[in-house]
1. Take residues that are surrounded by 15 or more Cβ atoms within 10 Å (Cβ to Cβ) and tell me which of the strands (runs of 3 or more DSSP E) falling wholly in segment 272-328 contain 2 or more.
2. Could you tell me whether any residue of segment 190-209 is in contact with a Phe, Trp or Tyr (Cβ under 7 Å, 6 or more places away or on another chain), without any contact (Cβ under 8 Å) to a residue 40 or more places away in the chain and of a type in the set (A, V, I, L, M)?
3. Look through R210, R185, R235 and report the one residue that is surrounded by 15 or more Cβ atoms within 10 Å (Cβ to Cβ) and among the basic types (K, R).
4. Only residues that are under 19 Å from L30 (Cβ atoms) and not small (G, A, S): list them for segment 355-367, please.
5. Does A98 qualify as being under 18 Å from E152 (Cβ atoms), in the same structural domain as E15 (by TED's automatic domain parsing) and either small (G, A, S) or modelled with pLDDT of 95 or more (or both)?
6. Considering only segment 426-480, how many residues are touching a residue at least 12 places away in the same chain (Cβ under 8 Å), within 30 Å of the chain's Cα centre (by Cα) and part of a helix (DSSP H, G or I)?
7. Output the number of the condition that L316 fails; it satisfies all remaining conditions of (1) in contact with a Pro (Cβ under 7 Å, 6 or more places away or on another chain); (2) modelled with pLDDT of 85 or more.
8. Is segment 370-379 home to any residue that is free of Cβ contacts under 8 Å to residues at least 60 places away in the same chain, buried (at least 17 other Cβ atoms within 10 Å of the Cβ) and either in a loop (DSSP other than H, G, I, E, B) or touching a helix residue (DSSP H, G or I) at 6+ places or on another chain (Cβ under 9 Å) (or both)?
Amino acid sequence: MTAKMIDFQQRRQLEQALANLSKTENELELIEAARRIAHEFPSETVLPALIRHLDTADSQTRGGLGHLAALLPQEEVTDALRSAAADRRRSPLARMTATAIAQRYLGVEFPAALTGDLNSAGDAAFQSLLEAITEGKRNRHILLEYVEQMRELSEEIAFLVIEALGRTPPADQVELLRLIAQDHRLPIARAALAALEALASTEAGPLAIRALHTLQFVLPEDLAALAERNIRKLRMAGRRHEPLEPAGWRSLLSPADPNGNQTVWLVKTPVEQGENGVLLGFTVNLGVGVVRFFGSERVETSVLPAAQPPGQLITLNDDSGGQTTVLTAPFDYGRWLVAEAIQAHLAATPPQALPGELQLYNDLIWQFAPPHLAEELQPFWKSDANVGASAPEALEAATAALFAHPIMAHWMLPGHAIVQATPAAARPDPTWPLTEIVGALLREIARWPESATLGPALQRALQGQAAWLHLAGEEALAQQARRLAQAVPHLSIPQNPVLAQMLARSLQRRPPSAQR
């Protein structure tokens, strides 16, 4: 077979691979498809093909091109995108795509003069918008990709999109406006909220009011208050969202780790024929925010964990090839944990955007009535400043009992690393009794500036463990964890029996260098 024939076949295969980007269902599939292209085809063939496809109106394909660009030689792809953005012979859509890919995926900002004439590119924006709406009815992840690309462009383009949306059928506007309302640029978010309120008087009214209801839970304080005011005005006009019962939904919870991180799976098993399952996975930290998120609203029932009564333990395979144990818990408790984490996330300084796919799928869990922390769980999360620390002997006994439970197996501090980081003059002699070594290391930790965050994080972690143990039916241990959580704010680091146990457990293991 001639070299020309091989080259022709390779180009056809590459074109098909690029066309298949539009068929991906979520971000993970899109990233994997881009990786396959970068792995299977030479970069000198991929780069010209990428540039040829810049004028695609398909948002999912544009996102795939961005991921692909990030895998190519950076200097070459940046130069090619810069040339494409500056080339006025190309369509406005192709030039805007080149600019957006460079900014979002390569971290390169082209000079404004390069694309200054694009601010009037209304026809290209409207063409792209219509394509996104059409494809978004098949897979709404395409709408997320469209909005994320829009956020990399100027505010003028964003307002142009909102204006163009007004020329489409009302029902086609709602989902995009819900996503645009989560824009970090406040004027754009406010404009989207106003547009949703205006849609309430159209045939898309129920959808628009539902969108406003769900946005209350995921917007920064000022914008959430604006959404709430809009909802109150609509309610007084007789237009309201009536939350449905969350049929088929449940929570699965991991124990907390010592940093206060906890995995929450919100799972929906189909209740009607033809429905898809839903799996939304969060790693939450009530002091930090949403640490990690993945989600899919098209999960086959056979893939979902089997439904179990509340309080039952389920063993599942995790991402690392190992296994993890989760607890079946009330749906509202899982949502409450997520809601608290989102509020912590939005309150961070500097502000942090929620993960993109969480912005897309959050309406699935916030369309219901607001989550409430059940009365039986409230004591575990209550921090009472008037409650003093128990006697040291009682706290040590509570610590020993709690650490005997398997959910505490990974609660350790890196003892051997802390020993090495301790200045020689303060480093404990390895021949000392373990309790003396631990005491010396705790005094060293107390000197560290970052030690101020240890107490609050440990308290949240113990609160999470206490609630988890209560739901698992381990009431005695739940109360021990609660006692320790209440004591933490009153203890200095050298007095803290939980930290002492975490250090001792680590030091009793062989150091990593000795395991090689």
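The values are calculated or read from the model by the stated rules, or taken from the named source; none is laboratory data. This one's a predicted model, so the numbers in the text were calculated from it and none came from an experiment. Heads up, the Cβs are rebuilt from the backbone with ideal geometry, glycines too, and the neighbour counts pull from every protein chain shown.
1. In segment 272-328, the matching strands (runs of 3 or more DSSP E) lie at 277-285, 289-299.
2. yes
3. Matching residue, one of R210, R185, R235: R210.
4. If the condition is that a residue be under 19 Å from L30 (Cβ atoms) and not small (G, A, S), then P355, E357, L358, Q359, L360, Y361 are the ones that fit.
5. yes
6. Residues that pass the stated criteria total 20.
7. So L316 meets the others, but not (2).
8. yes
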